[in-house]
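Report on the following structure.
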Amino acid sequence: MMTKGISTQTKEQALASLSNMTRDLIPIQADEHLARIARAQEYMQANNIDAIYLNAGTNLTYFTGMRWYASERMVGAILPAKGEVQYIAPDFEIGSLNGFKVIEGPIRGWLEHESPYALFVKVLTEMGIAESGTVGIDESAQFFIFDGINKAQTGLNLVNAQPVTAHCRMHKSANELMLIQRAMDMTLKVHQATASMLYEGISTTEVEEFIKQAHKKVGAPGNYFCIVLFGLATSFPHGVKEPQILKKGDMVLIDTGCKVHDYLSDITRTYVFGEATDRQRQFWNYEKAAQMAAFDAAQTGQSCESVDNAARSYLAEQGLGPEYQTPGCPHRTGHGIGLDIHEWPYLVGGDKTPLAAGMCFSNEPMLVVPGEFGVRLEDHFYITENGPKWFTEPAHSLENPFGL
């Protein structure tokens, strides 16, 4: 018996069933970026951090709204504990960067033969930050940037900026939650459409291309990422080198997501193409129960690692593991999500961060049965004052994963 919702229509029909879901969305506005800056500055003042450097990438976007890519040239901003943001960039990029500027502040340019790191130290001095000041460096900055700053300065205390960036970014606002919610809704629609057009003999490459087109149809630029696995390949959490061809009885694992106004989705569904075996059904049910054990444990004030422990304890009771051994769950139960697909905090042993309102997590205690198959059910939830709330409804059953 074919799993419900699988192989019910053509690719063309599946694409035609989708429509743009983004037209009513509004990106994060300048007032929210200013509030983020104020929160960071409050934290820096309380913790004796004089400034942080935000490198091109998601930290720069989060605080200033400026979208720019990390490269071999230093582009970023200095966010002081008091005062306005100042940007640092190649002089020839200033015109372009002005077009991306959301939060005002001077852009300090360096010529190609000059040192951006010497300029960085000079700007700090002009900001009144003494040579003995404490300056956080963006945790995502390339090593050469840290190395260049370190060689250009004398006496500064260079530290990791992550305590500041994570303090702000891991608590999502109502606007952020709304954008993540829509991205998740879009990807779930894409999952359902993808399942509906599968047929025996289709390749993973063809499915990946369909998912790309489907994400565009619902209003995303395309996939942010896409993993499609059939059969034995599903036992490798992030895939294998060669594409596979779909056969009756194969486990199908699809993990994909998109970006909506910089915020990400990430959902995995696993089901069987055709008739499931008792063993496939048994492990699918184990995975479903482990996901629910993690969700139930994700109560406000509890530690991140306690959520991971809940899923792992349930699996151990079924004779799986123990801990991170296989057959069982070899990786963390979940990760934070927002502007980055993986961000703080993490649902994993050793992360003692207390769960608090606004935190968002994946819930995906994947089961790996080496040499046979893998099962990953991944949905995300966020923490409210009253506990966890799903962004998307989890898979219903192996026979009817989309609750049709």
* To do: Those residues that are in contact with a strand residue (DSSP E or B) (Cβ under 8 Å, 6 or more places away or on another chain) and either exposed (fewer than 12 other Cβ atoms within 10 Å of the Cβ) or farther than 24 Å from GLY95 by Cβ (or both), I need them from segment 112-137; list them, please.
  => GLU112, LEU124, MET127, ILE129, SER132, GLY133, THR134, VAL135, GLY136, ILE137
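When only residues in segment 1-21 that are β-branched (Val, Ile, Thr) and surrounded by 15 or more Cβ atoms within 10 Å (Cβ to Cβ) count, which is farthest from ASP138 (Cα to Cα)? Don't jump to the end; show me each part of the working.
From segment 1-21, those β-branched (Val, Ile, Thr) are 3, 6, 8, 10; that's our starting set.
Now narrow it down to the ones that are surrounded by 15 or more Cβ atoms within 10 Å (Cβ to Cβ): 3, 6.
Values: THR3: 47, ILE6: 45 Å.
Restricting to residues being β-branched (Val, Ile, Thr) and surrounded by 15 or more Cβ atoms within 10 Å (Cβ to Cβ), the top hit is THR3.
Hey, among the residues in segment 309-357 that are of a type in the set (Val, Ile, Thr) and open to solvent by 20 Å² or more (accessible area, probe 1.4 Å), which one's farthest from ARG279 (Cα to Cα)? Please lay out each step first, then the result.
Of segment 309-357, the ones of a type in the set (Val, Ile, Thr) are 326, 333, 337, 341, 348, 353.
With open to solvent by 20 Å² or more (accessible area, probe 1.4 Å) added as a condition, the list becomes 326, 341, 348, 353.
Working: THR326: 16, ILE341: 32, VAL348: 27, THR353: 36 Å.
Across segment 309-357, the extreme among qualifying residues is THR353.
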* For segment 316-352, which residues satisfy the criterion of being under 18 Å from the mean Cα position of the chain (by Cα), free of Cβ contacts under 8 Å to residues at least 60 places away in the same chain and more than 14 Å from ALA290 (Cβ to Cβ)? -> HIS335, HIS342, TYR346, VAL348, ASP351
* Asked: Does segment 136-154 contain at least one residue that is out of contact with any helix residue (DSSP H, G or I) (no Cβ under 7 Å at 6 or more places or on another chain), modelled with pLDDT under 95 and not basic (Lys, Arg)?
  -> yes
* Asked: Is there a residue being free of Cβ contacts under 8 Å to residues at least 40 places away in the same chain and either within 18 Å of the chain's Cα centre (by Cα) or open to solvent by 50 Å² or more (accessible area, probe 1.4 Å) (or both) anywhere in segment 183-196?
  -> no
* Meets criteria (out of contact with any strand residue (DSSP E or B) (no Cβ under 6 Å at 6 or more places or on another chain), of a type outside the set (Val, Ile, Thr) and without any contact (Cβ under 8 Å) to a residue 12 or more places away in the chain) for SER306 -> yes
* To do: Determine whether segment 222-233 contains at least one residue that is at pLDDT 95 or above, under 18 Å from ARG376 (Cα atoms) and of a type in the set (Gly, Ala, Ser).
  => yes
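Step by step: first the residues of segment 38-94, then only those that are in a helix (DSSP H, G or I) and touching a Phe, Trp or Tyr at 6+ places or on another chain (Cβ under 7 Å), then the one that is most open to solvent (accessible area, probe 1.4 Å). Which residue is that? Explain how you work it out, then say what you get.
Narrowing segment 38-94 to residues in a helix (DSSP H, G or I): 38-46, 58-64, 91-94.
This time we only want the ones that are touching a Phe, Trp or Tyr at 6+ places or on another chain (Cβ under 7 Å), so: 40, 60, 91.
Details: ALA40: 0, LEU60: 0, ASP91: 75 Å².
So, considering only residues that are in a helix (DSSP H, G or I) and touching a Phe, Trp or Tyr at 6+ places or on another chain (Cβ under 7 Å), the one most open to solvent (accessible area, probe 1.4 Å) is ASP91.
In this structure, does GLU131 turn out to be farther than 22 Å from GLY336 by Cα, modelled with pLDDT under 95 and among the acidic types (Asp, Glu)?
Details: farther than 22 Å from GLY336 by Cα: yes; modelled with pLDDT under 95: yes; among the acidic types (Asp, Glu): yes.
Taking the combined requirement at face value, the residue satisfies it.
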* Please verify whether segment 278-292 includes one or more residues that are closer than 25 Å to LEU339 by Cβ, in a helix (DSSP H, G or I) and either open to solvent by 50 Å² or more (accessible area, probe 1.4 Å) or aliphatic (A, V, I, L, M) (or both). => no
* **Where a residue in segment 56-76 is free of Cβ contacts under 8 Å to residues at least 12 places away in the same chain and its partner, wherever it lies, is open to solvent by 20 Å² or more (accessible area, probe 1.4 Å), with Cβ under 6 Å and at least six apart** => none
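Within segment 203-239, work out how many residues are outside any helix (DSSP H, G or I), out of contact with any helix residue (DSSP H, G or I) (no Cβ under 9 Å at 6 or more places or on another chain) and touching a residue at least 24 places away in the same chain (Cβ under 8 Å).
Taking segment 203-239 first, the residues outside any helix (DSSP H, G or I) are 203, 218-230, 236-239.
Pick out the ones that are also out of contact with any helix residue (DSSP H, G or I) (no Cβ under 9 Å at 6 or more places or on another chain) and you get 203, 225, 236-238.
Filter once more, keeping what is touching a residue at least 24 places away in the same chain (Cβ under 8 Å): 203, 225, 236-237.
Number of matching residues: 4.
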* **Enumeration of residues in segment 358-404 that are crowded, with 20+ Cβ neighbours inside 10 Å, outside any strand (DSSP E or B) and among the β-branched types (Val, Ile, Thr)** => none
* Can you run down the residue pairs with Cβ atoms below 7 Å, 6 or more apart or on separate chains, where the first is in segment 144-163 and buried (at least 17 other Cβ atoms within 10 Å of the Cβ) and the partner is of a type in the set (Gly, Ala, Ser)? => LEU156/GLY133; ALA161/GLY136
* Structure fact -> Within segment 95-104, restricting to residues that are part of a loop (DSSP other than H, G, I, E, B) and either of a type in the set (A, V, I, L, M) or within 21 Å of SER140 (Cβ to Cβ) (or both), the one that is most open to solvent (accessible area, probe 1.4 Å) is VAL102
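The values are calculated or read from the model by the stated rules, or taken from the named source; none is laboratory data. Treat the numbers as computed from the prediction; the structure is a model and nothing was measured. Glycine also receives a Cβ, built like all others from the backbone with ideal geometry; neighbour counts cover every protein chain displayed. Accessible surface areas use protein heavy atoms only, side chains included; no ligands, DNA or RNA. Shrake-Rupley method; radii C 1.70, N 1.55, O 1.52, S 1.80 Å.
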